[in-house]
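Student: My structure is below; once you've seen it, I'll send some questions.
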């Protein structure tokens, strides 16, 4: 066995390679289920966003959110992403769900939060081309993946029990 390297002789190439691997292949993302007047915000991805999506590229429906920046707290990143993508200000109520999307090229941990609309006029970024506010009753009739419906069901249950 070789000697254990001290921090003074730390292999910076290995360190940089390891850091690059972590930042390139691992991502922490946050998403928001936004509630306003007992309706929940559902976004539709734009064509350009669909082309570059690495997770669920076959699903056009989305929640506001995105990747956390280095040294950014989850909640701060969530508030920033919701504002950038929708123009809305929200209050974070609580975390709803944590999901690990593991693919051959990517490991993404996604934390979904329940949020309440506080102010702002909805204005979409170029990541989305349309939106709708949906009710609990409409959810079953929408053509979307079951996992996304389940996020809404969790949010509805949590919000009704506040």
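Values in this text are rule-based calculations from the coordinates and carry no lab data. Predicted, not measured: the structure shown is a model, and the values here were computed from it. Glycine gets a Cβ as well: all are built from the backbone with ideal geometry, and neighbour counts include every protein chain shown.
Student: Give the value in nm², to one decimal: projected area of the alpha carbon convex hull of the range 29-160, averaged over all directions.
Tutor: Averaged projected area of the range 29-160's Cα convex hull equals 7.8 nm².
Student: Treat each spin label as a single point 7 Å out from the Cα along the C-beta direction, and report the residue 129 to residue 99 distance in nm.
Tutor: 2.3
Student: OK, next. Quick one: which of 80-86, 120-126 comes out on top by average Cβ neighbours within 10 Å, and what's the full order, highest first? All intermediate terms of the calculation are to be shown ahead of the outcome.
Tutor: Details: 80-86: 20.0, 120-126: 12.0.
So the order, starting with the most tightly packed, is 80-86, 120-126.
Student: With the cut-off at 16 Å, report for the range 90-162 the share of all Cα pairs above it, as a whole percent.
Tutor: Of the Cα pairs, 63 percent sit more than 16 Å apart.
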